[in-house]
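A quick write-up on the structure given underneath.
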Amino acid sequence: MAKMRYFLLSLSFMTVLPAVSLADTQNPGVLQSPGEIKFVIDGYEESVPKDVSDTWITQENIFSLSQNGRAEFENVSYCPVDSIFCDLTLTSEKRHNIVLVPQTSLNEKAIRSYLEDLARKVNRDPEDAKFKIENERVVAFSEAKNGMALDVEKSTAKISEAIQKNELNDSMELPFETKKPAIEHSDADKLGIKSLIGKGTSDFKGSSKNRIYNIKVATQRFNGTLIKPGEEFSFVKILGEVDEEHGYLPELVIKHNRTEPEFGGGVCQVSTTAFRAAIYSGLKITARRNHAYPVSYYNPQGMDATVYVPNPDLRFINNTPGHILIQTKIEGTKLEFDFYGTEDGRKVIVEGPRITERQPDGAMKTTFSQKVISKDGEELISDVFNSAYDSPHKYPHPGGPVLTEKPSNWSKKQWKEYQNMIKEMNDA
């Protein structure tokens, strides 16, 4: 039993202290930091500084036994592990051969973390071709563009292998996946877009310069948009970010029970017009909210749709047999959304909007209905849209005259906020 115990302890210690010579520790098998390197992904180039690539190699010193070298420790009685192990497994001669050996290992976690950050910079979604109606034909005015996604797993494996083989050069191309757009320009004849199926209009007469500018910026986001059969359209998704970086100017918006200047004021003119086009095209509305109070830009009252990123949103489903192409245009102060698609013989009946209740302070309730009948007489949609609007006097009202006296139902704080808002609007 004693011999067996001695053998097991010896085996355990040799695992900790493998018999590696000093000559072996200096061979090319030791992993070297790649230093500064440039990665290329589908034409995009990024240089990786040395302090970053250094983190891809982990180095530590371990104790080992050298067959040829002398111990690095003056005290030959020194034991780098439990002294019992040394007493049982090391002869006095072997105590002269304990050395520190540098050991390197690949830090794939650090490589993958870097590549995940890189992917967030280089990945891009594909862009569908955009179309327009020209001489009663659908033609492309914006070509489709491929998307791209860096293959993080394959790139990690490629970099790791190159480091292990010491073959990581100054430049390396990383693998990526090409993402094809759903709609190519050659698909124009296959989309089923043959006729005007509905339109929506609104008038932004009296809008400020900034509001008009924002309406034009937002309207362009939707011109040429395609909606697939059965697809749910999201106004907010196509609109994207609404801020200075994306070309918007500050203008009045209704937010948190206040009317205040913010980038993108006027975008609701666009969503309201799109909502009306969807209604008259006989599409199924899945999300719509009216404004907090009646705004003159959205007459007739009751057919408006307010949006704010990310919510509320305007959403509807293309329940026609073909794609729908959105065409937008602005003539003077008139905004128009035209929906082109496949005429399937449906009949769209819109009754209203009409005011069902009006209060002395301007609050009101409205209603209108949308009924869609198929060519076979089947009722496809029967929806009623009720809207309740608060009194404009509870908010600084951008569409009405400037107040010179505090309304009796306003607090001093509300009146001061209103005066500040009017000043900001005049200074814009």
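The values are calculated or read from the model by the stated rules, or taken from the named source; none is laboratory data. These numbers were taken from a predicted model, which means no experiment stands behind them. Positions of Cβ are backbone-derived with ideal geometry, glycine not excepted, and every protein chain shown enters the neighbour counts.
The residue that is farthest from the chain's Cα centre (by Cα), counting only those in region 286-303 that are buried (at least 19 other Cβ atoms within 10 Å of the Cβ) and of a type in the set (Gly, Ala, Ser), is Gly302. Taking region 218-252, which residues are aliphatic (A, V, I, L, M) and in contact with a helix residue (DSSP H, G or I) (Cβ under 8 Å, 6 or more places away or on another chain)? Those that are aliphatic (A, V, I, L, M) and in contact with a helix residue (DSSP H, G or I) (Cβ under 8 Å, 6 or more places away or on another chain): Ala218, Ile238, Leu239, Val242, Leu249, Leu252. Collect the residues in region 163-213 that are without any contact (Cβ under 8 Å) to a residue 40 or more places away in the chain and within 30 Å of Asp54 (Cα to Cα), keeping them in residue-number order. Within region 163-213, Lys165, Glu167, Pro175, Glu177 meet the criteria. When we screen Thr356, Thr306, Thr320 for residues that are free of Cβ contacts under 8 Å to residues at least 60 places away in the same chain, surrounded by 14 or more Cβ atoms within 10 Å (Cβ to Cβ) and assigned to a loop (DSSP other than H, G, I, E, B), the only hit is Thr306. Scanning region 126-183 for residues that are of a type in the set (Ser, Thr, Tyr) and surrounded by 13 or more Cβ atoms within 10 Å (Cβ to Cβ) returns Ser142, Ser155, Thr156, Ser160. When Asp189 is tested against (1) acidic (Asp, Glu); (2) more than 18 Å from Tyr114 (Cα to Cα); (3) modelled with pLDDT of 90 or more, just one condition goes unmet, and that condition is (3). Inspect all residues belonging to region 211-224 and state whether any of them is within 23 Å of the chain's Cα centre (by Cα) and in a strand (DSSP E or B). Within region 211-224, none of the residues are within 23 Å of the chain's Cα centre (by Cα) and in a strand (DSSP E or B). Taking Glu351, is it in the same structural domain as Ala218 (by TED's automatic domain parsing) and part of a loop (DSSP other than H, G, I, E, B)? No: the conditions fail for Glu351. Restricting Glu167, Glu134, Glu143 to residues that are touching a His at 6+ places or on another chain (Cβ under 6 Å) and outside the structural domain of Leu249 (by TED's automatic domain parsing) narrows the list to Glu143. Within region 252-285, track down each residue that is in a loop (DSSP other than H, G, I, E, B) and either surrounded by 19 or more Cβ atoms within 10 Å (Cβ to Cβ) or modelled with pLDDT of 95 or more (or both). If the condition is that a residue be in a loop (DSSP other than H, G, I, E, B) and either surrounded by 19 or more Cβ atoms within 10 Å (Cβ to Cβ) or modelled with pLDDT of 95 or more (or both), then Gly264, Gly265, Gly266, Ser281, Gly282, Leu283 are the ones that fit.
Checking each residue in region 323-337 for being of a type outside the set (Gly, Ala, Ser) and either under 25 Å from Ser387 (Cβ atoms) or surrounded by fewer than 19 Cβ atoms within 10 Å (Cβ to Cβ) (or both) picks out Ile326, Thr328, Lys329, Ile330, Glu331, Thr333, Lys334, Leu335, Glu336, Phe337.
Quick grid of which residues meet (1) crowded, with 16+ Cβ neighbours inside 10 Å; (2) of a type in the set (Gly, Ala, Ser):
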residue	(1), (2)
Ile197	yes, no
Gly200	yes, yes
Lys205	no, no
Arg211	yes, no
Lys216	no, no
Gln220	no, no
Pro229	yes, no
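Any residue that is among the aliphatic types (A, V, I, L, M) and in contact with a Ser or Thr (Cβ under 8 Å, 6 or more places away or on another chain) - is there at least one of those in region 217-232? Within region 217-232, not a single residue is among the aliphatic types (A, V, I, L, M) and in contact with a Ser or Thr (Cβ under 8 Å, 6 or more places away or on another chain). Scanning region 40-62 for residues that are part of a strand (DSSP E or B) and among the aromatic types (Phe, Trp, Tyr) yields a single hit, Tyr44.
For the structure I just gave you, tell me whether Tyr340 is in a strand (DSSP E or B), in contact (Cβ under 8 Å) with a residue 40 or more places away in the chain and surrounded by 15 or more Cβ atoms within 10 Å (Cβ to Cβ). When the stated conditions are applied, Tyr340 passes them.
Of the residues making up region 385-404, those that are at pLDDT 90 or above and either touching a Gly at 6+ places or on another chain (Cβ under 6 Å) or not assigned by TED's automatic domain parsing to the domain that holds Thr367 (or both) number 1. In a residue-by-residue description of region 68-91, the property of being at pLDDT below 85, within 31 Å of the chain's Cα centre (by Cα) and not polar (S, T, N, Q) applies to no position.
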